[in-house]
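Below: the structure, in C-alpha cells.
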Amino acid sequence: MTYVSNDPSWWPEINWYILFSYWIVVAGVVVVYDWVLTLGQEIELIWRQRWSLMTVLYLTIRYMGILYSVINVLKTMPSVSLTDAVSIIMYSAVSWINTALTAMLGVIMVARLHAMYKGSRTMLMILVIIFLAVNIACVVMAAMALNDTVAEEFILSGVYMCGYGDDGNEQLLFSMVWILNTVWEVLALCLSVWIAVKHFRGIRRFGPSTGSTIGDCFRVLIQSHVLYFAR
C-alpha cells in the first residue's frame, strides 16, 4: 500500500534519505569505476590464467559486489517509484547477496588460515566446522527475518521512499547474524595473529644463526599464500 503525504514534518527524513541516496550512488560509481579501470588486468591475470576455486570465488565476489551496488542504487533513488512487491524483492536480493558474499569471504579466510598453519588437517577441520555452524545459523536466521519483513512505498512531497517493517523479531535476528559473523571474524583474526607472532618469535630466535630477517619471513608467507591459491 502506498502512503502519500505532503506534511512538512517529514522534511528532515526526506533530506536524510536524499543525502543517503547520494552516498549510495557515489559508492556505486566508485565500484563500477574501479571495475572499468582494472578490467584489462582482470582479463590478463584472471580470465586467461588457469582457473581454481579461488579464481571462481574472486570473480563471483567481484561481480556480485557490482550487482549489489546496482540494486542498492535503484532501491534508494528518490526519483524512482517502486511498488511494495518490487521493494521487498530488492531488499531480499540485497540481503541474500550480502549473506552469500560473507560466506564466500569466509571460505577464502579458511583457505588462508589453512595455508598459514602449513596445511594442518586438524586446523582445517576446526575451521570448517565453525564456519559451517556460523553460516548455517546465519542463513536460517536471515530467512526467518526476511520472511517477516514487509515493504511499503512512501511518496513524501514528491520523493519516493521505501519503508520496511517486520511482523516479528527481524531486528533481533539480524543482530544475531551480525554478532555471529563478528565472532567468526574475531576468531580468524586471533588465529592469524597467533600464528604470525609464533613465526616471528621463531625468526627472532634463530635469525642470528641462520641470517634470516623479518623481511624473509614476509617473503616466505607471501610465497606460500601465492603457491597455495595457485593450486
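The values are calculated or read from the model by the stated rules, or taken from the named source; none is laboratory data. Source: prediction; values computed, not measured. When we count neighbours, we look across all protein chains shown, and the Cβ atoms used for this are built from the backbone with ideal geometry, even at glycine.
Scanning region 78-89 for residues that are surrounded by 15 or more Cβ atoms within 10 Å (Cβ to Cβ) and in contact (Cβ under 8 Å) with a residue 24 or more places away in the chain returns P78, L82, D84, S87, I88.
Given the criteria within 16 Å of the chain's Cα centre (by Cα), at pLDDT below 90 and part of a helix (DSSP H, G or I), does S95 qualify?
Numbers: within 16 Å of the chain's Cα centre (by Cα): yes; at pLDDT below 90: yes; part of a helix (DSSP H, G or I): yes.
It is true that S95 is within 16 Å of the chain's Cα centre (by Cα), at pLDDT below 90 and part of a helix (DSSP H, G or I).
Considering region 121-154 alone, what residues qualify as being surrounded by 15 or more Cβ atoms within 10 Å (Cβ to Cβ) and not hydrophobic (A, V, I, L, M, F, W, C)? Those that are surrounded by 15 or more Cβ atoms within 10 Å (Cβ to Cβ) and not hydrophobic (A, V, I, L, M, F, W, C): N135, T149, E152, E153. If you go through region 1-21 and keep only what is exposed (fewer than 14 other Cβ atoms within 10 Å of the Cβ) and under 21 Å from the mean Cα position of the chain (by Cα), you end up with just F20. Out of curiosity, is E42 touching a strand residue (DSSP E or B) at 6+ places or on another chain (Cβ under 8 Å) and surrounded by 13 or more Cβ atoms within 10 Å (Cβ to Cβ)? For E42, the condition - touching a strand residue (DSSP E or B) at 6+ places or on another chain (Cβ under 8 Å) and surrounded by 13 or more Cβ atoms within 10 Å (Cβ to Cβ) - is not met. In region 147-166, the residues that are within 9 Å of V4 (Cα to Cα) reach residues that are in a strand (DSSP E or B) with C-beta atoms within less than 6 angstrom, at least six apart or across chains, in these pairs: F154/Y3; F154/M161; F154/G163; I155/V4; L156/S5.
When I46 is tested against the conditions (1) touching a Ser or Thr at 6+ places or on another chain (Cβ under 9 Å); (2) more than 27 Å from N98 (Cβ to Cβ); (3) free of Cβ contacts under 8 Å to residues at least 24 places away in the same chain, the lone failure is (2). Whenever a residue of region 104-126 is closer than 16 Å to Y58 by Cβ, its partners that are aromatic (F, W, Y), lying with C-beta atoms within less than 6 angstrom and at least six residues away or across chains, give the pairs G106/F131; V110/F131; A115/Y228. Kindly evaluate N72 against the criterion of being surrounded by 13 or more Cβ atoms within 10 Å (Cβ to Cβ) and more than 30 Å from L113 (Cβ to Cβ). Yes, satisfied.
Take L132 and tell me if it is touching a His at 6+ places or on another chain (Cβ under 7 Å), aliphatic (A, V, I, L, M) and without any contact (Cβ under 8 Å) to a residue 24 or more places away in the chain. Give the derivation first.
On the way: touching a His at 6+ places or on another chain (Cβ under 7 Å): no; aliphatic (A, V, I, L, M): yes; without any contact (Cβ under 8 Å) to a residue 24 or more places away in the chain: yes.
In short, no.
For region 39-88, filtered to residues that are assigned to a helix (DSSP H, G or I) and of a type in the set (S, T, N, Q), the residue that is modelled with the lowest pLDDT is S87. Checking each residue of region 142-160 against the condition of being among the charged types (D, E, K, R) and either closer than 30 Å to P8 by Cβ or part of a strand (DSSP E or B) (or both) gives at least one match.
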